[in-house]
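**Student:** One structure follows; several queries about it will come next.
Coordinate-derived values only; no laboratory data. Quick caveat: nothing in here was measured; it's all calculated off a predicted structure. Using ideal geometry, Cβ is built from the backbone for each residue, glycine included, and neighbour counts are taken over all protein chains shown.
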Amino acid sequence: MTVTVCYYGLLAERRGFAEERVTSAATTPAALYAELDAAHALGLSTADFRVAVNDEFVSWNHPLGENDRVALLPPMSGG
């Protein structure tokens with residue numbers, strides 16, 4: 001399936017851009033992130049940040065569907 005992945009904060013810095021379309025066999029955000037981390041050495045544990053699918057926070061085992069928008073949201077800081 002193909003999904004849009006949106007990277008924020010440290011993940012966007014490490015990936016080098018904020019958004020990309022990805023074709024993957026992953027059926028959950030956890031599996032998708034594992035693929036992305038293996039391919040691009042993103043280096044965070046899923047315990048360290050949150051995920052949203054189609055603009056709603058979900059668990060890491062939430063089922064993914066074709067053309068979903070997956071946002072990877074690491075901790076933010078600033079003022």
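**Student:** Dipole of the stretch 2-73, Cα-centred, from +1 at each Lys and Arg C-beta and -1 at each Asp and Glu C-beta, to the nearest 20 debye?
**Tutor:** That gives a dipole near 100 debye.
**Student:** Along the stretch 21-37, what does the Karplus equation 6.51 cos²θ - 1.76 cosθ + 1.60 (θ = phi - 60°) give for ³J(HN,Hα), rounded to whole Hz, x for Gly and Pro?
**Tutor:** Working through the residues one at a time gives 8, 10, 9, 8, 8, 4, 10, 9, x, 4, 5, 4, 4, 4, 5, 5, 5 Hz.
**Student:** Also, quick follow-up: Based on the alpha-carbon gyration tensor of the stretch 2-73 and its eigenvalue square roots a ≥ b ≥ c, which shape applies: rounded if a/c is under 1.5, prolate if not and a/b is larger than b/c, or oblate?
**Tutor:** rounded
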